[in-house]
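Below: the structure, in structure tokens.
The values are calculated or read from the model by the stated rules, or taken from the named source; none is laboratory data. If you're wondering where the values come from, they're calculated on a predicted model, not measured in any experiment. Ideal geometry is used to build each Cβ from the backbone, glycine not excepted, and the neighbour counts take in all protein chains shown.
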Amino acid sequence: MDIQAIMEHLPHRYPFLLVDRVVEIELGKSIHAYKNVTINEPFFMGHFPHHPVMPGVLIMEALAQAAGILSFKSMDEKPSADTVFYFAGIDEARFKKPVLPGDQLHLHAEIERQMRGVWKFKAEARVDGQLVAEARLMCAQRKL
């Protein structure tokens, strides 16, 4: 999926859209996407000016956005004005290595369970094949 298709399946926009491309998706099962991390990201001005590092919470958000694309595509739905997916939980989050400008952050999410609008995922982020972060994520679909 290119960026246009991604924006059809996520309500996020710059500067908070954190998925650049979907490489592979297996509906109802898993997704592999990536984010190109550049020095132009607005968060690098303050995190940290002398040693820019992508904040861990944004790595988790990028994983959740990839998981959101997987959810919407698996349901054959797109975001709407009356429905939203909330990030509902993070368990077992671990950060193994810093993510730096110039890195390509590969986002992998696998559906563990889905019941009554609540989705649980096993997720991990990699740079150059090395694990940089992992977590179990929960997202909840709600009507507005």
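Looking at Ala33, Ala62, Ala67, which is the one that is within 30 Å of Met115 (Cβ to Cβ) and touching a Phe, Trp or Tyr at 6+ places or on another chain (Cβ under 6 Å)? Break it down into steps so the answer makes sense when it comes.
Details: Ala33 fails: touching a Phe, Trp or Tyr at 6+ places or on another chain (Cβ under 6 Å); Ala62 fails: touching a Phe, Trp or Tyr at 6+ places or on another chain (Cβ under 6 Å).
On inspection, the qualifying residue turns out to be Ala67.
Could you please give the count of residues in the stretch 26-57 that are touching a helix residue (DSSP H, G or I) at 6+ places or on another chain (Cβ under 6 Å), in a strand (DSSP E or B) and not basic (Lys, Arg)?
Total satisfying the criteria: 2.
Working only within the stretch 127-138, note down all residues that are under 27 Å from Lys78 (Cα atoms) and crowded, with 20+ Cβ neighbours inside 10 Å.
First, pick out the residues of the stretch 127-138 that are under 27 Å from Lys78 (Cα atoms): 134-138.
Hits for the stretch 127-138 are Ala135, Leu137.
Mind listing just one residue for me: the one in the stretch 104-123 that is in contact with a strand residue (DSSP E or B) (Cβ under 6 Å, 6 or more places away or on another chain) and free of Cβ contacts under 8 Å to residues at least 60 places away in the same chain and, of those, surrounded by the most Cβ atoms within 10 Å (Cβ to Cβ)?
Across the stretch 104-123, the extreme among qualifying residues is Phe121.
Quickly run through the stretch 43-82 and pick out the residues that are of a type in the set (Asp, Glu), surrounded by 13 or more Cβ atoms within 10 Å (Cβ to Cβ) and without any contact (Cβ under 8 Å) to a residue 24 or more places away in the chain. Give the derivation first.
Going through the stretch 43-82, the residues of a type in the set (Asp, Glu) turn out to be 61, 76-77, 82.
Of the ones still in play, those that are also surrounded by 13 or more Cβ atoms within 10 Å (Cβ to Cβ) are 61.
Within the stretch 43-82, none qualify.
Quick check on the stretch 35-48. Is at least one of its residues under 11 Å from the mean Cα position of the chain (by Cα) and of a type in the set (Lys, Arg)? It would help to see each step written out before you state the result.
Here is the first cut: in the stretch 35-48, the residues under 11 Å from the mean Cα position of the chain (by Cα) are 35.
If we keep only those that are of a type in the set (Lys, Arg) as well, we get 35.
For the stretch 35-48, residues under 11 Å from the mean Cα position of the chain (by Cα) and of a type in the set (Lys, Arg): present.
For the stretch 45-95, give me each residue that is among the aromatic types (Phe, Trp, Tyr) and either over 18 Å from Leu107 (Cβ atoms) or modelled with pLDDT of 95 or more (or both). Don't jump to the end; show me each part of the working.
To start, the set of residues in the stretch 45-95 that are among the aromatic types (Phe, Trp, Tyr) comprises 48, 72, 85-87, 95.
Residues satisfying the conditions are Phe48, Tyr86, Phe95.
Of the residues in the stretch 21-42, how many are surrounded by 12 or more Cβ atoms within 10 Å (Cβ to Cβ) and of a type in the set (Ser, Thr, Tyr)?
Selection size over the stretch 21-42: 2.
Quick one: would you say Ala93 is within 12 Å of Leu137 (Cβ to Cβ), in a strand (DSSP E or B) and more than 13 Å from the chain's Cα centre (by Cα)? Spell out how you get there, then give the answer.
Numbers: within 12 Å of Leu137 (Cβ to Cβ): yes; in a strand (DSSP E or B): yes; more than 13 Å from the chain's Cα centre (by Cα): yes.
Yes: the conditions hold for Ala93.
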